[in-house]
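See below for the structure under consideration.
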Amino acid sequence: MSQDALLDEREVSILRWRSRRGLVENDLFIERFFERHGARLTVRDAHAMTLLMNLSDNDLLDLLLRRKEPEGEIATDDVRAVLARLRERS
């Protein structure tokens, strides 16, 4: 499957369920992301989102609030692109 292939509805639903977090602050960012972008997510986006969801709640919140930027294995263009969409306010 191409990295740019769109996820189907079931794949988006699974990704959304796996993205649930313990901190309500993170969930607010994530829910808004899925409302805005869920219908257009690609395989590439899903991989980047999974890398972000593997972080601890506090590390993820630091990224979402721009207290930190991605480092190490998550410092990829794909992760930065998904993170930019997660951070969108309007």
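The values are calculated or read from the model by the stated rules, or taken from the named source; none is laboratory data. A quick note: this is a predicted structure, and the numbers were derived from the prediction, not measured. Reconstructed Cβ throughout: ideal geometry from the backbone, glycine too, with neighbour counts over all protein chains shown. Keep in mind that these areas ignore ligands, DNA and RNA; they rest on the heavy atoms of the full protein, side chains included. Shrake-Rupley method; radii C 1.70, N 1.55, O 1.52, S 1.80 Å.
Points worth noting:
- Fraction of accessible area attributable to carbon and sulfur, the chain (%, probe 1.4 Å): 48 percent
- Probe 1.4 Å, accessible area per residue of the chain, Å²: 62 Å²
- Zone residues, region 45-59, relative to residue 23, backbone N less than 18 Å from point 7 Å out along Cα-to-Cβ: 49-59
- In degrees, nearest ten, helix 9-18 long axis to first principal axis of the chain (Cα): 20 degrees
- Compared with the dominant Cα axis of the chain, that is its longest principal axis, helix 77-87 is turned about 70°.
- In plain terms, the chain is cut at each of the trypsin sites (Lys or Arg not before Pro) found in a DSSP loop with at most 12 other Cβ atoms within 10 Å, and the longest leftover piece is 21-65.
- Between the helical axis of 43-53 and the longest alpha-carbon principal axis of the chain there is an angle of about 30 degrees.
- If R0 is taken as 22 Å, the Cβ-Cβ distance between residue 37 and residue 75 corresponds to a FRET efficiency of 0.55.
- Legend: Rg and Dmax of the chain, from Cα coordinates, 12.1, 35 Å.
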